[in-house]
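A short worksheet on the structure shown next.
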Amino acid sequence: MNESVLNLGAAPGERVAAVPVVRNPKLDQWICYWSIPFFYVLFGLIFVLLARIMPPQSPTSSAADIVAYMQSPTLRWGIALLALTLGLASMASGIIVVQMQRMKGLSAALPYSYLAALAVAGVPGCLFPCFVFALGGLRPEYSPEIQVMLYDLGFLSFVGSLGVFTIQYLVFAIAIFLDERQIFPKWLGYLTIWALVTEIVAVPVWVTRTGPFAWDGLLSFWLGTAIFVGWEFLMCVCLYRAIKNQPIEELEHHGG
Amino acid sequence: MNTRDQSICLWLVPFFGVLFLLGLAIFPGLFPPLSPTMGAEEVAAFYRENVAGIRTTMILFNVIGIGFIPFFMVIVVQMMRMGNPSRAFAYSYLSAAASGGTLFALADLAWLNAVARPDRDPQLTLLLNDLAWLSLVTPVGFIITQNLCLALGIYMDARPRPVFPRWVAHFNIVTALLMVPGAFAIVYTTGPLAWDGSLSFGLRMGTFALYIAVMFFVTRSAIRQQAEEERGVGLGLQAIA
């Protein structure tokens, strides 16, 4: 929308609302951007320290250990914090889609796929498993059978929600490879393929309870997590550069 | 482009709103809400005795459960009209609204399954009951993100005539804060923060209802403003021709 159209919005003689002084013309993008490290610091606090979901508890724990884990005092505090802040992940999608839309040689189909895939992923891959753990903690009177089922359901949903993330990685990698402007570097596309592969490597969590392919295994959990952490970090670096290098003229409204 | 589609989505709000209130009015477990301190036998007995009422409400909610999504998408369209440098907040809002809707759908399925076999093991009915209440009351993070993104978009709206007035941004922040206590129903089973508590349940649901009502009127004004401006542009173009 150009400025002449915008000016038609104010009728003659009408008090024009004070135009906010935007010192930083990319402020909206930076707010969404910084929500990502903020969220991942919280994510670490919640999943590693408070709820102890990462690294995962053992798939072969005894029923007594499982009940004790569910009753741990900080588990539900962590999950309450997650219920409060998981929406921040939507802001990460928001900013990534804005930068993907700057790519040349592709339509909005891939950015929109990225947005939709992650809007789906947040519940089965993150919030639902946590709710399941919280239920176990909230009700010590559940029978041990139910506690054990909740434990399995929680960890298997958390580590084993695969397809929702493979599609996110797939559309992101395809977009990077097709992009003629190199908004994100090609090597990030290759790394994204590796992140996708780690999801496939985790398929056996649904079959085996011991060894490297179990839900706490060296390949299913540790390799996948290591590559995910590396991917997320380098993604943040590339996203930072993409926003930084975006020419001001390209912005929809630059305070002018 | 006219704004008729947006008006239709907007008027779905009172339509679904009335149906929601009707569903709540006939839901047996609401006045007061079922307490999280009830034991398995007690909960199972409650479901056995109230099959018809729970089923009627939850079949209705199954059908209309995400009825406010078209309204939230009108807000996304209006956010895209704002004088913001990018659409980052609008996309974030869209994503958060989609994620939030799934939780309500999940809660509804748990309630319907609890009455699908009222004579099952009381422990299992208790489990479905707990899953339903937690999924309804606690995932406030999505609506909070929606409100914060909308507020930020309004604060940064550089148009001479903003899409939403500034007080709508303040209102969104305040309502986001009032819904925060809902998350702590995961931690507490008694007192104001439990899922039947005055803060986690009463304040959160009341705030949401007020929020939808207020946003209905301000969004209606924003759509009217858009229609007016586009008529203005049309007239301007005619004058040039």
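Observations
- B:Arg159, sole failed condition from (1) surrounded by 15 or more Cβ atoms within 10 Å (Cβ to Cβ); (2) free of Cβ contacts under 8 Å to residues at least 40 places away in the same chain; (3) out of contact with any Phe, Trp or Tyr (no Cβ under 9 Å at 6 or more places or on another chain): (2)
- In summary, helices (runs of 4 or more DSSP H) completely within segment A:37-128 and bearing 2 or more residues that are at the interface with chain B (Cβ under 7 Å from one of its Cβ atoms) occur at A:75-85, A:88-100, A:109-122.
- Selection within segment B:122-146 - touching a residue at least 60 places away in the same chain (Cβ under 8 Å), under 14 Å from the mean Cα position of the chain (by Cα) and part of a helix (DSSP H, G or I): B:Val137, B:Ile143, B:Gln146
- Taken together, the residues in segment B:148-196 that are under 28 Å from A:Leu50 (Cα atoms), at the interface with chain A (Cβ under 7 Å from one of its Cβ atoms) and in a loop (DSSP other than H, G, I, E, B) amount to 2.
- Within segment A:206-223, the set of residues being crowded, with 19+ Cβ neighbours inside 10 Å and free of Cβ contacts under 8 Å to residues at least 60 places away in the same chain comprises A:Phe213, A:Gly217.
- Selected residue [crowded, with 17+ Cβ neighbours inside 10 Å and under 15 Å from the mean Cα position of the chain (by Cα)] from B:Gly65, B:Gly29: B:Gly65
- Among the numbered conditions (1) buried (at least 20 other Cβ atoms within 10 Å of the Cβ); (2) more than 9 Å from chain B (Cβ to nearest Cβ); (3) not aromatic (Phe, Trp, Tyr), the only one that A:Ile174 does not meet is (1).
- The residues of segment A:175-194 that are among the hydroxyl-bearing types (Ser, Thr, Tyr) and farther than 16 Å from A:Ser113 by Cβ amount to a single one, A:Tyr190.
- Among the residues of segment B:144-153, none qualifies, meaning not one is surrounded by fewer than 23 Cβ atoms within 10 Å (Cβ to Cβ) and farther than 17 Å from B:Ala96 by Cβ.
- Against the test of being at pLDDT below 95 and more than 10 Å from every other protein chain (Cβ to nearest Cβ), the options B:Ile240, B:Ile212 yield a single qualifying residue, B:Ile240.
- Flag for A:Pro37 being at pLDDT 95 or above and more than 13 Å from the chain's Cα centre (by Cα): no
- Every condition in (1) modelled with pLDDT of 95 or more; (2) of a type in the set (A, V, I, L, M, F, W, C); (3) farther than 30 Å from B:Arg231 by Cα is met by B:Phe104 except one, and the failing one is (1).
- Residue among A:Ser58, A:Ser93 that alone is hydroxyl-bearing (Ser, Thr, Tyr) and crowded, with 24+ Cβ neighbours inside 10 Å: A:Ser93
- Taken over segment B:127-147, the criterion of being within 7 Å of another protein chain (Cβ to nearest Cβ) and either out of contact with any Leu (no Cβ under 6 Å at 6 or more places or on another chain) or not polar (S, T, N, Q) (or both) is satisfied by B:Leu127, B:Asp130, B:Leu131, B:Leu134, B:Thr138, B:Pro139, B:Val140, B:Gly141, B:Phe142, B:Ile144, B:Thr145.
- Qualifying positions in segment B:84-121 - assigned to a loop (DSSP other than H, G, I, E, B) and either within 7 Å of chain A (Cβ to nearest Cβ) or out of contact with any Phe, Trp or Tyr (no Cβ under 7 Å at 6 or more places or on another chain) (or both): B:Asn84, B:Pro85, B:Ser86, B:Arg87, B:Arg117, B:Asp119, B:Arg120, B:Asp121
The values are calculated or read from the model by the stated rules, or taken from the named source; none is laboratory data. Everything numeric in this text was worked out from a predicted model, so none of it was measured. Virtual Cβ from ideal backbone geometry, glycine too; neighbours counted across all protein chains shown.
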